[in-house]
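Nothing in this text is a laboratory measurement; each read-out follows from the coordinates by a stated rule. These figures come from a predicted structure and were not determined experimentally. Backbone-built Cβ (ideal geometry, glycine too); neighbour counts: all protein chains shown.
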């Protein structure tokens, strides 16, 4: 068993807040020290926003849990200062294969084009992600960032009055209260915070049961995602295989509807299933076993006065597609710069409505994709099973059928096209870099990548415009970055940002989403677009 589970990262300590005559006040309290809560704390700390993280645990999550971290999440983690550590430890992959019975019928490359710094995905156990995020947060704290994390500190009540939330905390030494302007609830699918506010989910609950087994073994499977429909070792069901670091392999086996979960988790029942898949002669050790059913649901709103929900506390999806941790980290990537602008007085509180609208839209997109994947993987009628099996048969030899195969549409960042917080657009520029989309990465002439050049604030990125044509007021909150594409060897900048145009200007939000774009410089339009992105109404 991996010793990392046993090591307290943030043990309980007696805090001066516990001795205060009146509750101590903090701008932001984050409930939950999983990947989503830790990412939120790092992001706010880097923006010099004081934050307190509370968790009723004091160590990393037990078991690997989330393992697939997508390209966009890795780019966010670059900005948070942990991207390289994730990449160095993780297993990188772009290729997936789909099998029907024992035949390979389809394969796909999630990142076939060149000029990206990060791979489509890495596989990395969640406990490593939590350790690296915590160590980054601790480094910020040691360097003077206004942040602290309190283990064995459980939220037992939450009350909102006006512009303040009162948080009641329980510790090994008794209870105390603190107050906050904002509470970010990152406390998971069973969110006590959500229950305290009397809130619930809307959506679907699926009845199928799946076995997760993390096994340690020496195996020669390639570094790819392998998915089986109706394999001989799990007849009538599905299976999934992923490689993780440290010789650990993730195996998912569909069990069906009516099972005894406690019985199925017992080693004497798990091991024969794994031997049927891997072979009787393969030696392995069980590291972690779990049975799960899943839900595709969300809260109606993610913003409730002073309490903001993110990650699994706000929405739940099936694991097919790796949308759980990835969408949660993308939630706080959208939220934290906005919250910082509000706290620092640069934006009205109404800006946070854009977090609600944009991430509800993203959750609906994830739920739709996840539901479709689940319906394809687990047909609910004889007719739907016949359709699925026909698609799989055809896909082996006919390209037209392959887009219909759905073994879990893998996580991609959402484009917030319906959002009203994005502005100008012009014809002739590439669709992939339209306002509302995340910035595509591209390799530069000097070997760096475009996303590496962006600051943590608003950026104005120009292509093929001379500096003397760019004149901005000193009070315009922008970092200016200029590129020339004449020496763009691979044409990645031109293809991703210019298209049919010779020049372009892009306004990039702090979360690296494109707020507006033009082909000619217009200072007034740029200031107006920044104002709109910050939620200021004309």
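What length, rounded to one decimal in nm, is gained on full extension from residue 168 through to residue 531, with 0.36 nm per residue of separation minus their alpha-carbon distance?
126.9 nm
Seen from all sides and averaged, what is the projected area of the convex hull of the Cα atoms in region 389-538, in nm²?
11.9 nm²
Using Kirkwood radius over Cα pairs in Å as the read-out, say which of (1) 27.5; (2) 24.8; (3) 26.5 was calculated from these coordinates.
(2)
Which value in deg cm²/dmol, rounded to the nearest 500, describes the helix-derived mean residue ellipticity at 222 nm for the chain, given -39,500 (n - 2.57) per DSSP H run of n ≥ 4 and division by the residue count?
Roughly -8000 deg cm²/dmol at 222 nm, from the helical runs in the chain.
Hey, can you rank 308-319, 375-386 by average C-beta count inside 10 Å, highest first?
The densest-packed peptide leads the list: 308-319, 375-386.
What percent of all Cα-Cα pairs in region 1-147 falls into each 10 Å bin, going from 0 up to the bin containing the maximum distance?
10, 33, 30, 16, 7, 3, 1
If you count, for each residue, the other Cβ atoms within 10 Å and average over each peptide, how do 127-139, 81-93, 162-174 line up from highest to lowest?
By packing density, highest mean first, the sequence is 127-139, 81-93, 162-174.
Per 0.36 nm of contour for each residue apart, how much would the distance between residue 282 and residue 113 grow if the chain were fully extended, relative to their Cα-Cα spacing?
Result: 57.2 nm gained on full extension.
Testing the spin-label approximation: label points 7 Å from Cα along Cα→Cβ at residue 20 and residue 143. State their distance in nm.
2.7 nm
Starting from the 7 Å offset along Cα-to-Cβ, what nm value, one decimal, do you get for the label separation of residue 503 and residue 300?
5.1 nm
Rounded to the nearest 5, what % of the DSSP beta bridges within region 431-533 are antiparallel ones?
70 percent
For residue 434 paired with residue 383, estimate the spin-label separation in nm (one decimal), with each label point 7 Å from Cα along the Cα-to-Cβ line.
3.4 nm
In nm, what is the difference between 0.36 nm times the number of residues separating residue 292 and residue 103 and their Cα-Cα distance?
Working it through step by step, the gained length comes to 65.3 nm.
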